[in-house]
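Read through the structure below, which is laid out as structure tokens, and then see the notes.
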Amino acid sequence: MATPTRAGSQAVKVIALLRKKDGLSREAFIAYYETRHAPLILALLPHIAGYRRNYVERAGAFTSPVTAMDFDSVTEMRFACRAHYDAFLAAAADPHIAGLIAQDEENVFDRAATRMFVVDETPAQSPGSAGLAVLLAERAVHQGLAHFARVLDSKDWDRLGEVFAEDVMFDYGLGEQAGLAALTANMRRFLDVCGPSQHLIGSISIDIAPECTSAVSRAYVQARHQRTDDQGGAVFDSNGEYVDHWDLRAEGWRIVRRDAKWHTHSGEAAIIWGGAAKA
């Protein structure tokens, strides 16, 4: 999918004039777009805040003797702020994502006829759109923290990259470390040797930067760990706070720095390997 460039105002709206593939009926075109292509776009490009398809109804349309109506959908994509649009462009340029979109477009569009352009609405930036950008950012951070807790407790280590950046910096009380691989090793070092765990995250405060591309969150955490195959046995509890710095990357919001500040511990520390560190 080709994407237009953007300069000037942060309020971003993209219009696409799209022609259906030869041989597709209007009904088949709409059905495929709604049930296959639109969900694919929203899944691959989550920075889109609004995605509306306006299907041309040719009966009763105003026609021009100079230029024929040669498109079947006027598609609108809205972005809450300029930073979200820039992140969308970066994601759309990724070869893997671009390939998936192009492959699906071949099933529904005459791709050679596609026209896309950026427009400025009036007003270009309203107070409501800025507030929406903040709300969307806060929601993404909340969801990221909740997802992190479930990844830990399910020990689904391959999904840590859905919360943390590849170049994340972190300190879990054992000194400064760097990289997603090191973070994964730190988690596994203690959670792979214990049984069930439950990480409860709450009392969350989030500060979103004015440009909506970075944030700082503070969240209390209570982590309970149990022995393997001993549901009624001893436990080890850690209570503390996660201080996280977030950036909006091409793949979405990611933690780029975490400081885990532990306040209290109780129970049998040997459950997570002698109590050398707390997850």
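Consider region 146-185 and keep the residues that are assigned to a helix (DSSP H, G or I) and under 12 Å from the mean Cα position of the chain (by Cα). The one that is surrounded by the most Cβ atoms within 10 Å (Cβ to Cβ) is G161. V221 meets the conditions (1) in contact with a His (Cβ under 7 Å, 6 or more places away or on another chain); (2) buried (at least 16 other Cβ atoms within 10 Å of the Cβ); (3) farther than 25 Å from S266 by Cβ in every case but one. The failed one is (3). Here P210 clears all of (1) outside any loop (DSSP other than H, G, I, E, B); (2) under 30 Å from C81 (Cα atoms) except the condition numbered (1). Applying the selection to region 253-274, what residues are closer than 30 Å to A137 by Cα and buried (at least 16 other Cβ atoms within 10 Å of the Cβ)? Hits for region 253-274 are W253, R254, I255, V256, R257, R258, D259, A260. If you go through region 167-213 and keep only what is touching an Asp or Glu at 6+ places or on another chain (Cβ under 8 Å), small (G, A, S) and modelled with pLDDT of 90 or more, you end up with A178, G179. Could you tell me which residue of region 113-145 is modelled with the lowest pLDDT, considering only residues that are surrounded by fewer than 15 Cβ atoms within 10 Å (Cβ to Cβ) and of a type in the set (A, V, I, L, M)? Going through the qualifying residues, I end up with A124.
The values are calculated or read from the model by the stated rules, or taken from the named source; none is laboratory data. Note that this is a predicted model, so its numbers are computed, not measured. Quick reminder, even Gly has a Cβ in these numbers, built from the backbone with ideal geometry, and neighbours come from all protein chains shown.
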